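The values are calculated or read from the model by the stated rules, or taken from the named source; none is laboratory data. Given the structure is predicted, the values throughout are model-derived calculations rather than measurements. When we count neighbours, we look across all protein chains shown, and the Cβ atoms used for this are built from the backbone with ideal geometry, even at glycine. Quick note on the areas: whole protein, heavy atoms, side chains included, nothing else; ligands and nucleic acids left out. Shrake-Rupley method; radii C 1.70, N 1.55, O 1.52, S 1.80 Å.
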Amino acid sequence: MSNPCLRRLRFSKLSIAAALVFAIAIVPTLLHAAAPAIVGNWEGAISAGGTTLRLAIHFTQDKDGALKATMDSLDQGSNGIPLINVSYKEPKVHYELGGDYPGTYDGTYDKAKDEITGHWQQAGQDLTLLLKRAK
C-alpha cells in the first residue's frame with residue numbers, strides 16, 4: 001500500500017463514499033420544505049345567536065409534506081374532527097368541514113402577531129373566527 005497511486009485511489013473511494021452518505025442523509029432534509037408557519041395548535045371562538053363556541057384547530061404536516069388538520073369543539077365535547085381541503089399559501093389559510101354540517105374557513109396568517117384572522121361560513125352564517133396560537 002505504499003504505492004502513491006493506490007493511496008490516491010483509496011482516498012478517492014473514501015471521498016465518494018462520504019459524498020454518497022451526505023447525499024443520502026442530508027440532501028433529502030434540505031429538499032423537504034420546512035413545516036408551514038401555521039403547523040401547531042390554535043384556539044379561537046365563534047359567536048352566533050348569543051352562544052359562544054370555543055374551537056381548537058390542530059395543523060400538522062405528514063411525512064410527504066401534506067398539510068392536515070383536525071378541530072375540537074371544546075364546549076360540545078367533540079374532539080379530533082377531521083378537516084378537509086386544508087391549504088396554506090402564505091398568507092392564506094383554508095380548510096373545510098365535511099359531513100352533515102359542512103362549513104368553510106378562509107383566513108389570513110399574520111406572522112408579526114402570530115394569529116390567523118378569518119371567517120367561518122356554515123349554515124348560511126358568516127362568523128368571524130380569530131385563531132391564536134395555543135400556549
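Counting only residues that are open to solvent by 90 Å² or more (accessible area, probe 1.4 Å) and not in a strand (DSSP E or B), which one in the stretch 74-123 is nearest to residue 53 (Cα to Cα)? Restricting to residues being open to solvent by 90 Å² or more (accessible area, probe 1.4 Å) and not in a strand (DSSP E or B), the top hit is 76.
Among the residues of the stretch 17-48, how many are assigned to a loop (DSSP other than H, G, I, E, B), open to solvent by 50 Å² or more (accessible area, probe 1.4 Å) and at pLDDT 85 or above? So that I can check it myself, show each step before the final result.
To start, the set of residues in the stretch 17-48 that are assigned to a loop (DSSP other than H, G, I, E, B) comprises 26, 32-39.
Cutting the leftovers down to open to solvent by 50 Å² or more (accessible area, probe 1.4 Å) gives us 26, 32-35.
Retained after the next criterion (residues that are at pLDDT 85 or above): none.
Of the residues in the stretch 17-48, 0 are assigned to a loop (DSSP other than H, G, I, E, B), open to solvent by 50 Å² or more (accessible area, probe 1.4 Å) and at pLDDT 85 or above.
Yes/no matrix, rows are residues, columns are (1) farther than 16 Å from residue 47 by Cβ; (2) free of Cβ contacts under 8 Å to residues at least 24 places away in the same chain:
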site	(1), (2)
81	yes, yes
90	yes, no
101	yes, yes
115	yes, yes
121	no, yes
